[in-house]
Every structure is written in structure tokens, then in C-alpha cells.
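Visitor: The following block contains the structure, expressed as C-alpha cells.
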Amino acid sequence: MVWVCFSSAGTGKMVKIDGKMDGAKYRTILEENLMESAKDLRLGRRFEVSEPNRASIYRSLTINISKEMMCFSDFPIPADYPNYMHHSRILQYFRLYAEHFKLLQHIHFQTSVRSVRQRPDFSHSGQWEVVTENREGQEERHMFDSVIVCSGHYSYPHLPLKDFSGIESFEGKYFHSWDYKGPENLHGKRVVVIGIGNSGGDIAVESSRVAEQVYLSTRRGAWVIRVLSDNGLPVDMKYNTRFVHILFQLLPVNWLSWFGEKKLNAMYDHTMYALKPKHRLFSTIPVINDELPNKILTGGVMVKPNVQQIRGSSVVFEDGSVVDKVDVIVFATGYNYDFPFLPPNVMHKSGHRLGLYKHVFPPTLEHPTMAVVGFIHALGAIMPQAEMQSRWVTRVFKGHKKLPSNQAMLKAVEYGCPSQSHIISKLHLVPLQVDFVSYMDDIAGEVGVRPSLAWLFFTDYPLFKRVLWGPVTAYQYRITGPGKWSGARRAIFTQFERMFQPFKTRQVEEKQGCSVAGRLLKLSLTAMVGGAAAYYFHLQPPSSFTYLLSKLTPQRA
């Protein structure tokens, strides 16, 4: 039996803390102050605050992955949903999914996990004892054959206050982006956002609509891409394809970076906008933000280098510039990861990484009865990746698939799995990074559902074309093998129809094909160009062309 427990939804309040505290102590104080408010939620009262030990989102959050690229493999998102959805729509989709597959009866809501421990007879049974707390605050003990950990890696804010000299003297307010819910308290303020990831960019853009001025501080800079591609198509549906993936395997990455950077700079020069990073485009994950360049262009956001020192209400940057009268500092400085409910010996560490075999299985356990799902990061949605991991995990738990030996898994952890992004994984900042297509294919191979291009070429050429040239949507992993879905082929053929559906809110005249006159004009122009080229070569034939003709012309005796 496999049991997945959802944490309880606690609530709390913001507190001012000593600037010398590190991130761990910051989290501890927050938890202590949030404990009392958590009781209010159990009584049915809701507060819009971040909840301890859980991921947090702001009200305006809209996902930057298009709907067809993020849905589960056997349940397409409704066609009328927007391509880039507000988080409330994503919740609606999850509810639809749970109702469709009748999952709600198996889920224990508002239940927090206190501890997960190996039973005394684990070497024989492989079983786990799980201690939980229900909504009434009562502890319960359970015995399970297998456990899947799905707590993610956005629950514990990384607040490196010790890296910011003088933070204890700051006269305004500061907090982590994990605590940000909206810009209401930033009206007329001078705001410094530290960190140019996706959260930092979003918060800088949104707060600039109400703040007096927003300064976006970045240590390394960033390449900023848009969710829109040519003709307004979602960028991931256009470029996250198997064909593009093959190009990345064949062509030099420096050339691909040069080409991509040139295309990005054609929209807005990253050097002129003070965004240009120290790294190449495909050396780390880019920032996805359509509005940030516009806010820079209109002066709402000013990009600054790394913060050197804080003096009272003044912030000094590494280039010597100073911003005075700063009211708020937002630390968009990422997250730590932790599993406080697990015994320390379960999770193997490999340098700065958590050592999991293919980012899923702890490699040192006697029995493969525990797995971690969703503990990865890629330029793609977590939903299809977590689903693929879950399909593999359940086959291992059922005994349909065997894992390598502990020694082999440890060796694989040390050297990195073949689907890991070798360019990006070298960076200390992104130890969880994988290449989306490579990783999906790798785990799909373990499950036995990886699509075969050669097989499709000979058996279903129309489907082959869409699998090769089209976006790598999760439906591709339901074409064959265990868990095959009869609707997968149709879902692939209709994915662009669902993408177009939200735009059909007003009837407009469709673009018609070329008229007869238009085709004749094109044919005439082609004939004119061809004739002009032939006449040019007749008058001034290239030497190589003359030499070729001499070789092809029969020689007289």
C-alpha cells in the first residue's frame, strides 16, 4: 500500500527579526510565531499568509509553462482554459483530475506528517511507521509498505543575511519572496529586490506598478525570454520539440547559445538593458518574463549590480552607486531543501547535492520502498516529470521493475545520471537541474513507455511527424507500453486545436489561401529570377562552372 499525505494548511503573521540571523534561525522564529495562527485555520478561519514548511505563492502568480506542456499524460487540460494559467485555474484542473479518477476518497486533507521512520523489522519487511497529526491536533500512527515523499524544494526560504553587510542597521522592512503575497503594502515605497530569478522578476514588475521606484539587484545578470514566440505561439510548444533536442545533441552548444542570444537581443539588447549575464544562454535556466523589459524601458524598474553594503536606509551597490531612502528589501534568493520528518540516514548526500538514484530513489536502503518525487528542476513543467517518476516508482514498489544494486546506484549518483543536464549541472546553484526531454525519455525507458521514432516511422508516419516536430507533450508517453492510453494519439493530433481554442473569443475572417492571381504572380517572379540568374551565368560563367561543363561535355577524337 502506498500513502501520500498532504500537509496541513497553517497560517501566521510576519515578524521583524534580527538582521544577523541566518536562514535556519529565521525559519525557526517564523514557525514559532505561526503556530498560534495555525490553530485558527483548524477552526475554519483562513488568512492569506505563508504557511510554515510549505511552498508559498503570490496572488497574481501565473504559470510560465503552457497548458499542453504541463498537463498529465492521460487527462488534457480543458480546451477553453488559457494557455498560461493563473494558479486558481491550475487548482481547478487538479480538482477535475482528482474527480475524474476518483482520487478524493483516498486523500487525507489537512493532515501533517510528523515523522517517517523504518520499522524495527525493516531489514525483513521494508515497512515504515508514519506519525501524522490530523486537523484536530491528534497524533496517529500508521504502518505502510511504501512511502513517496512529494514535499518539493520550495518550502524553506534561503535568506543569506550574513552576506549583506549592515543589514542589522536597515531602517525599513525586509522579507523573503516566500512571504510576498501582493504589492498592497508597497504603495509609494522605494523597493530593492535582490535576485533576478523568475520570482524576483515577477515581484519587481508587479511592485513597480504601485511603488515610487523599484531597483532589481543581480549578482550575475540573466537572459530574459518571453512566453510568446513567433506568431504569438507559446514558446515551449514551438521549441521544446524532439527535433530541437536532437539539434542540441549534434551542434556545438556555443554556437546554439550564440544563435539564441542573437535572437533574444533582436527583441531587446541585453547589454543596453543592463541584463546581460556573465554566462551563456544555455549555461543556466533563463528568466521567463514578458513585462520586465517594458518596465526597464519605462523606468519603473532599474537594474543594479549586487548589493555591497546596507547603511541605515541606504543601499550601496558594487559599482559604487547608492540608493537612498529605501523602504523595503525583498530577498528573492532561492530556497534550501530539507526533510525534517525523515531519519538522517535515509537521505544520502553527494557534495552539495541530495544523492538520489536518478533523482528518485535513496541508494542506500535495504529495500526500495521509499521514493522522492518532484525533487528536480528543468526548463519544463514539473507535473509531467513527477508523473513519469511516479509511474516508475509504482512499478518498482509492485516488483515489476528492479533497481540496480546499491553499489551501482551510489556510483551513478556520484557521476550523475545520463539524463542530467551536463552543462547546467556543473553549477553549484542548480544541483537539481535535468534536461527535460532527456530525463523524461530516461525514466520512460525504465517504465517501458519511451516512444520509438523508428517504429513510428514505419507503422504510423503521421504520428511520427507530430512526435518528431511537435512539442514533447506528456501524451507521447501513453502511446505504447504499460499504462497505454487509447486517447493518446488523438490528444497529440489535437493539441494545437486546444492551444488555439482560448483565442476564439471573437469571430474574425480567416486568412484565405493564395488566389489564382497571387499564385500566378509568385510563379512569374520565380521565372523572372530564374531567367535573370541563367542570363547572368551565360554572360559571366564562374570558372568552376566552366570547368564542370568541360568535364561533362563529350570530348571529340
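Visitor: Within the stretch 196-213, does at least one residue satisfy the condition of being touching a Ser or Thr at 6+ places or on another chain (Cβ under 7 Å) and part of a strand (DSSP E or B)?
Guide: no
Visitor: Take the conditions out of contact with any strand residue (DSSP E or B) (no Cβ under 9 Å at 6 or more places or on another chain) and either open to solvent by 30 Å² or more (accessible area, probe 1.4 Å) or modelled with pLDDT under 95 (or both) and apply them to Thr473. Does it pass?
Guide: Criteria not met by Thr473.
Visitor: Please go through the stretch 87-136 and pick out each residue that is over 19 Å from Pro362 (Cβ atoms), among the polar types (S, T, N, Q) and out of contact with any Ser or Thr (no Cβ under 8 Å at 6 or more places or on another chain).
Guide: Ser88, Gln92, Gln105
Visitor: Related question: Open to solvent by 60 Å² or more (accessible area, probe 1.4 Å), in a helix (DSSP H, G or I), in contact (Cβ under 8 Å) with a residue 12 or more places away in the chain and not aromatic (Phe, Trp, Tyr): which single residue out of Asn294, Asn254 fits that description? Reasoning before the result, please.
Guide: Numbers: Asn294 fails: in contact (Cβ under 8 Å) with a residue 12 or more places away in the chain.
Testing whether each residue is open to solvent by 60 Å² or more (accessible area, probe 1.4 Å), in a helix (DSSP H, G or I), in contact (Cβ under 8 Å) with a residue 12 or more places away in the chain and not aromatic (Phe, Trp, Tyr) leaves just Asn254.
Visitor: Within the stretch 12-29, can one find any residue that is of a type in the set (Phe, Trp, Tyr), at pLDDT 90 or above and either in contact with a helix residue (DSSP H, G or I) (Cβ under 9 Å, 6 or more places away or on another chain) or within 22 Å of Trp178 (Cβ to Cβ) (or both)? I'd like the intermediate steps shown before the answer.
Guide: As a first pass, look at the stretch 12-29 and keep what is of a type in the set (Phe, Trp, Tyr): 26.
Then drop every residue that is not at pLDDT 90 or above, which leaves none.
Among the residues of the stretch 12-29, not one is of a type in the set (Phe, Trp, Tyr), at pLDDT 90 or above and either in contact with a helix residue (DSSP H, G or I) (Cβ under 9 Å, 6 or more places away or on another chain) or within 22 Å of Trp178 (Cβ to Cβ) (or both), which makes the answer no.
Visitor: Select from the stretch 257-291 the residues that are open to solvent by 40 Å² or more (accessible area, probe 1.4 Å), without any contact (Cβ under 8 Å) to a residue 40 or more places away in the chain, not in a loop (DSSP other than H, G, I, E, B) and not aliphatic (A, V, I, L, M) and list them in ascending order.
Guide: Listed by number, the residues that qualify are Trp258, Phe259, Lys262, Lys263, Asn265.
Visitor: Which residues, taken from the stretch 100-146, are free of Cβ contacts under 8 Å to residues at least 60 places away in the same chain, among the acidic types (Asp, Glu) and surrounded by 15 or more Cβ atoms within 10 Å (Cβ to Cβ)?
Guide: Glu129
Residue-wise test of (1) hydroxyl-bearing (Ser, Thr, Tyr); (2) open to solvent by 30 Å² or more (accessible area, probe 1.4 Å); (3) closer than 22 Å to Pro277 by Cα.
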residue	(1), (2), (3)
Val301	no, no, yes
Pro305	no, yes, yes
Ser313	yes, yes, no
Val316	no, no, yes
Asp319	no, yes, yes
Val322	no, yes, yes
Val330	no, no, yes
Tyr335	yes, yes, yes
Asn345	no, yes, no
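Visitor: I've got another one for you. Looking only at the stretch 62-91, count every residue that is over 30 Å from Asp441 (Cβ atoms) and not hydroxyl-bearing (Ser, Thr, Tyr) and tell me the total.
Guide: 2
Visitor: Return the residue satisfying two criteria in turn: it lies in the stretch 65-99 and is without any contact (Cβ under 8 Å) to a residue 60 or more places away in the chain and open to solvent by less than 30 Å² (accessible area, probe 1.4 Å), and of such residues it is farthest from Gly483 (Cα to Cα).
Guide: Met85
Visitor: Let me ask another. Could you tell me how many of the residues in the stretch 72-104 are part of a helix (DSSP H, G or I) and closer than 30 Å to Ile479 by Cβ?
Guide: Within the stretch 72-104, the first condition is being part of a helix (DSSP H, G or I), and the residues that meet it are 87-100, 104.
Restricting the remaining residues to those that are closer than 30 Å to Ile479 by Cβ gives 89-100, 104.
Qualifying residue count for the region: 13.
Visitor: Looking at the stretch 436-477, which of its residues are acidic (Asp, Glu) and touching a residue at least 40 places away in the same chain (Cβ under 8 Å)? If you could, list the steps in order and put the result at the bottom.
Guide: Pass one, the stretch 436-477, residues acidic (Asp, Glu): 441-442, 446, 460.
The answer is Asp442, Glu446.
Visitor: Further question: For the stretch 182-195, which residues satisfy the criterion of being open to solvent by 40 Å² or more (accessible area, probe 1.4 Å), in a loop (DSSP other than H, G, I, E, B) and not small (Gly, Ala, Ser)? Explain how you work it out, then say what you get.
Guide: Step one: list which residues in the stretch 182-195 are open to solvent by 40 Å² or more (accessible area, probe 1.4 Å), which gives 184-185, 187-190.
Those still in the list that are in a loop (DSSP other than H, G, I, E, B) too: 187-189.
Result: His187, Lys189.
Visitor: Sort out which residues of the stretch 390-405 are open to solvent by less than 50 Å² (accessible area, probe 1.4 Å) and assigned to a helix (DSSP H, G or I), and write them in order of number.
Guide: Those that are open to solvent by less than 50 Å² (accessible area, probe 1.4 Å) and assigned to a helix (DSSP H, G or I): Ser390, Arg391, Trp392, Val393, Val396, Phe397.
Visitor: Could you identify the single residue in Ser217, Ser257, Ser208 that is under 21 Å from the mean Cα position of the chain (by Cα) and not acidic (Asp, Glu)?
Guide: On the way: Ser217 fails: under 21 Å from the mean Cα position of the chain (by Cα); Ser208 fails: under 21 Å from the mean Cα position of the chain (by Cα).
Going through Ser217, Ser257, Ser208 in turn, just one is under 21 Å from the mean Cα position of the chain (by Cα) and not acidic (Asp, Glu): Ser257.
Visitor: What residue, among those in the stretch 365-389 that are touching a strand residue (DSSP E or B) at 6+ places or on another chain (Cβ under 7 Å) and among the small types (Gly, Ala, Ser), is surrounded by the most Cβ atoms within 10 Å (Cβ to Cβ)?
Guide: Ala371
Visitor: May I pose another question? For the stretch 444-459, does any single residue satisfy the condition of being assigned to a helix (DSSP H, G or I), modelled with pLDDT under 95, of a type in the set (A, V, I, L, M) and open to solvent by 40 Å² or more (accessible area, probe 1.4 Å)?
Guide: The answer is yes; a qualifying residue exists.
Visitor: Of the numbered conditions (1) open to solvent by less than 10 Å² (accessible area, probe 1.4 Å); (2) of a type outside the set (Asp, Glu); (3) part of a strand (DSSP E or B), Phe175 satisfies every one except a single condition; which is it?
Guide: Tallying (1) open to solvent by less than 10 Å² (accessible area, probe 1.4 Å); (2) of a type outside the set (Asp, Glu); (3) part of a strand (DSSP E or B), Phe175 fails exactly one: (1).
The values are calculated or read from the model by the stated rules, or taken from the named source; none is laboratory data. Values in this document were obtained by computation on a predicted structure and should not be read as measured data. Backbone-built Cβ (ideal geometry, glycine too); neighbour counts: all protein chains shown. Accessible surface areas use protein heavy atoms only, side chains included; no ligands, DNA or RNA. Shrake-Rupley method; radii C 1.70, N 1.55, O 1.52, S 1.80 Å.
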